[in-house]
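Asks: Next up is a structure, given as structure tokens.
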Amino acid sequence: MDSPRLTVDCVISDAAGNIVFVRRKYDPFKGSYALPGGFVEIGETVEDACRREIREETNLELNDMRLVGVYSKPGRDPRRHTVTIAFAARADLSRLKAGDDAADAVAIGDWRDHALAFDHRQIVEDALSHAAPRAR
């Protein structure tokens, strides 16, 4: 059996409480909103992977990046067992633009009214519910 794959996800917010989501271009959850993120590459720190994935998917540069938590429940990704390191950060949303494998990139204030992919609702709720330590 293969080992779990390591991923990163990021809850990006602005002062108005909007959260950045990408609309998935591919399955699983094609067309659904998801936090921007992706797979960590060999030789890359999770922090660098997060910054790279966010640039590729949203055109944003992250500020004040903080660790939210580790999410490892088998089945959280229907493709295979993945473990994600989730971060929260701020960014200048005026630069928001979809790229890479995102069909769209949007800042949503009423995110609770939308179905979210994977376990991303839990990650957002955790990010908003408590202050987490800074990522290094």
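The values are calculated or read from the model by the stated rules, or taken from the named source; none is laboratory data. All of these numbers come straight from a predicted model, not from anything done at the bench. No Cβ is skipped: glycine too gets one built from the backbone with ideal geometry, and neighbour counts run over all protein chains shown.
Asks: Of all the residues that make up the stretch 87-99, how many are in a strand (DSSP E or B) and touching a Leu at 6+ places or on another chain (Cβ under 7 Å)?
Replies: 2
Asks: In addition: Taking the conditions exactly as written (surrounded by 13 or more Cβ atoms within 10 Å (Cβ to Cβ) and touching a Pro at 6+ places or on another chain (Cβ under 6 Å)), does residue 11 satisfy them or not?
Replies: Taking the combined requirement at face value, the residue does not satisfy it.
Asks: If you don't mind, another one. For the stretch 18-27, state whether one or more residues are crowded, with 19+ Cβ neighbours inside 10 Å, within 16 Å of residue 102 (Cα to Cα) and without any contact (Cβ under 8 Å) to a residue 60 or more places away in the chain.
Replies: No, every residue in the stretch 18-27 fails to be crowded, with 19+ Cβ neighbours inside 10 Å, within 16 Å of residue 102 (Cα to Cα) and without any contact (Cβ under 8 Å) to a residue 60 or more places away in the chain.
Asks: Which condition does residue 31 not pass, out of (1) in contact (Cβ under 8 Å) with a residue 60 or more places away in the chain; (2) under 12 Å from the mean Cα position of the chain (by Cα), if it passes all the others?
Replies: (2)
Asks: Within the stretch 100-120, can one find any residue that is assigned to a loop (DSSP other than H, G, I, E, B), closer than 20 Å to residue 18 by Cα, modelled with pLDDT of 95 or more and touching a helix residue (DSSP H, G or I) at 6+ places or on another chain (Cβ under 7 Å)?
Replies: no
Asks: Please go through the stretch 69-107 and pick out each residue that is surrounded by 13 or more Cβ atoms within 10 Å (Cβ to Cβ) and of a type in the set (Val, Ile, Thr).
Replies: Result: 82, 83, 84, 85, 106.
Asks: Would you mention how many residues in the stretch 47-86 are closer than 23 Å to residue 30 by Cα and either among the β-branched types (Val, Ile, Thr) or in a strand (DSSP E or B) (or both)?
Replies: So the answer is 8.
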